[in-house]
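First comes the structure, then the notes that go with it.
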Amino acid sequence: MFDVIHSYKSDHMFFGAVEPEGDHTVYLSAYGRLASVLLEKYMGDQREDNEEVFSKWDKSVQKAASQIGFSATHEIEDGHIYINSFQNGIGMPEEEETGAQKGGE
């Protein structure tokens, strides 16, 4: 499905980065205990008992893989799952990044 290139889990948060079949990184984050557990299962391809929820996330990951600047939020019982793809990896359009660099000289 995709290659997990980074993940971090705490008690109520889970962060991960994947490289699907697109040409850029997709970032996933979960806030809330259940949301964190589910995202960890999703990224570990442990789909049993959660196929309906995970199929919605699959669609968002596919869109994020094909669209730089994509952002989706999925509500979970105790929190949220965020799926994003950022231009240049920092979430700033190239024009704004260039302007910020010029202003910082």
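Given a Förster radius of 35 Å and the C-beta distance between residue 33 and residue 55 as r, what FRET efficiency does 1/(1 + (r/R0)^6) yield to the nearest 0.05?
Here the calculated transfer efficiency is 0.95.
Using only the alpha-carbon atoms of the range 1-62, report the extent along each of the three principal axes, biggest first, to the nearest angstrom.
31, 24, 16
Need one number: nm distance between label points at residue 13 and residue 75, each 7 Å from Cα along Cα→Cβ, rounded to one decimal.
2.3
Of all the accessible heavy-atom surface of the range 1-80, with the other protein chains kept in place and a 1.4 Å probe, what percent is carbon and sulfur?
On the range 1-80, the fraction of accessible area on carbon and sulfur atoms equals 46 percent.
Taking all protein chains together and a probe of 1.4 Å, list 19, 77 from the most accessible to the least accessible.
77, 19
Using Cα-Cα distances under 8 Å and only pairs 6 or more residues apart, what relative contact order does the range 27-89 have, in percent?
45
The values are calculated or read from the model by the stated rules, or taken from the named source; none is laboratory data. In this text, all values refer to a predicted model and were calculated from it rather than measured experimentally. All Cβ positions, glycine included, derive from the backbone under ideal geometry; neighbour counts span all protein chains shown. Heavy atoms of the whole protein, side chains included, go into the accessibility calculation; ligands, DNA and RNA do not. Shrake-Rupley method; radii C 1.70, N 1.55, O 1.52, S 1.80 Å.
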